[in-house]
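These notes concern the structure reproduced below.
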Amino acid sequence: MKLASLAEGRDGKLIVVSRDLKQAAVVPKIAGTLQQAIDNWEEKAGRLNEVYELLNKGEWPDAFSMDPDQCGAPLPRAFQWLDGSGYVNHVELVRKARGAEMPENFWTDPLMYQGVSDNLLGPCDDVHVASEDWGIDFEAEVVVVTDDVPMGVSPEQAASHIKLLTLVNDVSLRNLIPAELGKGFGFLQSKPASAFTAVVVTPDELGDAWQDSKVHLPLRVELNGELFGQPNCGVDMTFDFARLISHAAMTRHLGAGTLLGSGTISNTDRSSGSCCLAEQRMLEIIEGGKAQTPFLHFGDHVRIEMLDAKGKSVFGAIDQRICRYEADA
């Protein structure tokens, strides 16, 4: 099943989306928002799937054309957005880039931060930043959406709480990170609002590509129309999603609608490219002693998309520009 949210009101309007991402239907008698659906998932999922099947057959009477420009983030304001360190290879490289040592326990105990969740960006929303000097970077990741997760859940139990998946551009301001983390209190100013694909999908939509709480498909990133990277999300993932959920729930319950990111996708095989600029810059420093790739400039165009084995888009694309933010006078 595939779902999305029209950009109406603060919490959006839930729509069911056809498998080919071409048709959609509103379902107010089932749930007005995605949060309402995930709050009562056991009750709502079956009814939503009935609409989905009719939509795919072309038998839903009030279907309309799906337009990602009209969509916001699936959960425009989520109760919780957490981002993990599933790909420790990536963590190791970016820490080297800012001269930070890599503690050995990073390979056995996930990192995680809590990000902006009250105003998440949609797939076609511009990324507004006040200064290029802050080192604007994209980070392409996979995200899971959970139902209610009890505190202390094991990784084996956690897997059953994954109800939906989507993609995110976890925007980072790299030049603000070192001083901010140097204070010993974590990310804040260096992690502005993230952007999500319009569509969330149930794990079964991925077929054999969803195994062991990992997505075994490449994640494609384009910068200004040129391929930047397409590493495989199922390769070199040190901590799968079940492990990340268990880590997050060690001391707290996770409410339905929690978004949890994989961390930037990264393969040790460098031929597949990277999912962020910082990683590419670090590889350039290792090879030649100096970073050649600049951070993002105003006007740059970023596109993030996942294609299935048949070359069909799974979630639709994040397709956005980097723009200067100017506060109202």
Fill in the blank from the handout: With every protein chain kept in place and a 1.4 Å probe, the residues K29, K44, K57, K13 fall, from largest accessible area down, as K29, K57, K13, K44
Practice task
Quote the FRET efficiency, to the nearest 0.05, computed for E59 versus S160 with a Förster distance R0 of 22 Å and r equal to the Cβ-Cβ distance.
Solution key: 0.10
Practice task
Among M102, H90, S131, flag the residue with its Cα farthest along the positive direction of the charge dipole of region 42-137, charges on Cβ as +1 for Lys/Arg and -1 for Asp/Glu.
Solution key: M102
Exercise for the section: Mind putting together the pair-distance distribution for the chain? All Cα pairs, 20 Å bins, whole percent per bin, short to long. Expected result: 33, 59, 8, 0
Problem - Mean separation of Cα contacts under 8 Å (6+ apart) over length of region 170-271, as relative contact order % - result: 17
Exercise for the section: Return one whole number: the accessible area per residue of the chain in Å², for a 1.4 Å probe. Expected result: 45
Problem - Cα gyration tensor shape of region 267-329, rounded if a/c is under 1.5, else prolate or oblate by comparing a/b with b/c - result: oblate
Fill in the blank from the handout: Residues other than L223 with Cβ under 14 Å of its Cβ, Lys/Arg counted +1 and Asp/Glu -1, net out at -4
Problem - Förster radius 51 Å - calculated FRET efficiency between K310 and L188 (Cβ-Cβ, nearest 0.05) - result: 0.75
Fill in the blank from the handout: Counting Lys and Arg as +1 and Asp and Glu as -1 over every other residue whose Cβ sits under 15 Å from the Cβ of N105, the net charge comes to -2
Practice task
In whole Hz, with x marking every Gly and Pro, tabulate ³J(HN,Hα) for region 29-40 from phi via Karplus 6.51 cos²θ - 1.76 cosθ + 1.60, θ = phi - 60°.
Solution key: 6, 9, 6, x, 9, 5, 4, 4, 5, 6, 5, 10
Problem - Distance-filtered residues of region 207-221 - backbone nitrogen under 19 Å, label point 7 angstrom along R19 Cα→Cβ - result: 207-211, 216-217
Fill in the blank from the handout: So S271 and K29, fully extended at 0.36 nm per residue minus their Cα-Cα distance, gain in nm 82.2 nm
Problem - Test item: Cα-centred dipole of region 1-117, Lys/Arg +1 and Asp/Glu -1 on Cβ, debye - result: 200
Problem - Sulfur and carbon atoms: percent of accessible area, the chain [1.4 Å] - result: 48
Exercise for the section: Would you please give the residues with an amide H less than 5 Å from that of F228, counting only those at least 5 places away or on a separate chain, with H modeled from the backbone geometry? Expected result: V221, E222, L223
Practice task
Assign unit charges at the C-beta atoms only (+1 for Lys and Arg, -1 for Asp and Glu), then state the dipole size of region 190-242 relative to its Cα centre in Debye, rounded to the nearest 20.
Solution key: 240
Problem - Stokes-Einstein diffusion coefficient of region 118-231, Kirkwood radius over Cα pairs, 25 °C, 0.890 mPa s, in µm²/s - result: 149
Practice task
Quote the charge dipole size of the chain about the Cα centre in Debye, to the nearest 20; the model charges only the Cβ of Lys and Arg (+1) and of Asp and Glu (-1).
Solution key: 120
Problem - Per-pair calculated FRET efficiency, R0 = 25 Å: E226 and Y325 via Cβ, rounded to 0.05 - result: 0.45
Practice task
Return a whole-number percent for the relative contact order of the chain, with Cα pairs under 8 Å and 6 or more residues apart as the contact set.
Solution key: 23
Fill in the blank from the handout: Taking the chain and counting helices only, DSSP H stretches of n ≥ 4 at -39,500 (n - 2.57) each over all residues, the nearest-500 ellipticity at 222 nm comes to -5500 deg cm²/dmol
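The values are calculated or read from the model by the stated rules, or taken from the named source; none is laboratory data. Note that the coordinates shown come from a computational prediction; the quantities given were computed from them, not determined experimentally. No Cβ is skipped: glycine too gets one built from the backbone with ideal geometry, and neighbour counts run over all protein chains shown. The accessibility values were calculated without ligands, DNA or RNA, using every heavy atom of the protein model including side chains. Shrake-Rupley method; radii C 1.70, N 1.55, O 1.52, S 1.80 Å.
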